[in-house]
Amino acid sequence: MTGKDQPNSNPIHVALDTVDLARAQTLARALAGAVGGIKLGKEFFTAHGPQGVRAVQRAAGDSPLFLDLKFHDIPNTVAGAIRAAAPLEPYMINVHAAGGAAMMAAAARAAEEAAEASGCSRPKVLAVTVLTSLDESDLDAVGQRGPVESQVRRLAALALDSGLDGVVCSPREIAVLRRDLGNSAILVVPGVRPAGAAAGDQKRTTTPREAIEAGADVLVIGRPITQASDPAEAARQIMSELSGAR
Ligand code: C5P
């Protein structure tokens with residue numbers, strides 16, 4: 001890992017995309033020690049809320065939590081949401097960069113203030129730039145011009161200027177964003193597929209090793225781990241593919 005006080009040297013964050021609390025707990029327990037963190041998103045959170053998150057955290061031991069709730073609202077509301085999430089002590093939390101500079105700055109301030117008030121570490125706040133489900137014609141339809149990559153780069157720069165710690169980006173954007181944003185920005189990358197794994201609905205995939213070599217800090221990997229017959233072994237296998245990368 002590059003310096004950014006990552007809590008451990010394992011870059012794999014497993015995405016626990018399920019509404020089944022027992023399954024999420026079982027996976028978290030099985031994967032503790034084999035992954036560097038767990039990601040819980042809107043699907044799980046909408047079904048089980050903060051209590052469910054705590055239950056998974058207990059099962060996961062002290063695995064860092066990426067709370068992938070992608071907030072996007074007026075600055076005051078997003079700041080309130082970040083403060084409300086702070087007691088869960090997420091290691092990373094995210095917002096949509098399209099919410100604008102004032103919203104992102106409010107999110108960064110709220111994370112700082114909540115950490116000071118509670119004495120816990122400040123969650124890293126990341127920006128989602130352009131959803132990977134959108135292409136140029138989708139952007140055009142909502143009034144945003146230009147190639148997707150230009151919009152991603154513009155929003156990523158705005159996020160860092162607004163005080164955020166990094167961005168979530170697709171594998172194809174890692175290299176350009178690493179160049180644009182420098183080494184201290186955290187780059188979190190989904191859409192990663194180990195050699196030989198099914199792509200599923202991910203269209204633009206890369207292998208874990210390619211992603212790390214291009215400059216990714218955190219790899220968000222779901223189904224190749226969660227749907228494996230032995231999830232911990234699948235995660236360990238990915239880690240072994242990574243040995244010596246960078
Ligand atoms: O199962 P899979 O490895 O495709 O899971 C990837 C995870 O990353 C999912 O939780 C998905 O929501 C998330 N994600 C993504 N693409 C983005 C942002 C997040 O696949 N652009």
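No value in this document is a laboratory result; all are computed from the given coordinates. All values reported here derive from a predicted model rather than from experimental measurement. Cβ sites come from the backbone with ideal geometry, for glycine too, and all protein chains shown count toward neighbours.
Data overview
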read-out	value
Partner lysines for Lys4 [C-alpha distance under 16 Å; skip if fewer than 8 residues away on the same chain]	Lys124
For Gly41, net neighbour charge (Lys/Arg +1, Asp/Glu -1) across residues whose Cβ lies under 12 Å away	0
Segment Thr46-Arg154, length gained on full extension (0.36 nm per residue, minus Cα span)	35.8 nm
Relative contact order of the chain, pairs being alpha-carbon contacts under 8 Å that are 6 or more residues apart, as %	19 percent
Highest-fluctuation residue, Ala28, Ala127, Ala47 considered, GNM on the chain with Cα pairs under 10 Å	Ala47
Isotropic mean projected area of the C-alpha convex hull, segment 103-225 (nm²)	8.7 nm²
Alpha carbon centroid spacing (whole Å) that separates segment 69-95 from segment 201-233	26 Å
Vicinal HN-Hα couplings computed from phi for segment 208-221 (Karplus, 6.51 cos²θ - 1.76 cosθ + 1.60; Hz; Gly/Pro x)	x, 5, 4, 5, 5, 5, 6, x, 6, 9, 10, 10, 8, 10
Contact order normalised by residue count of segment 102-246, Cα under 8 Å, 6+ apart, percent	18 percent
Cα centre as origin, Lys/Arg/Asp/Glu Cβ charges: segment 110-246 dipole, Debye	300 debye
Formal net charge of residues neighbouring Ser63 (Cβ-Cβ distance under 14 Å; K, R +1; D, E -1)	+2
Under 10 Å, Cβ to Cβ, from Thr206 - net charge with Lys/Arg +1 and Asp/Glu -1	+2
Residue among Val14, Ala214, Leu126 farthest towards the positive dipole end of the chain, charges placed on Cβ	Val14
Segment 12-242: radius of gyration and largest Cα-Cα distance (Dmax), Å	17.1, 47
Separation in nanometres of the label points that stand 7 Å from Cα toward Cβ, at Ala195 and Val19	3.9 nm
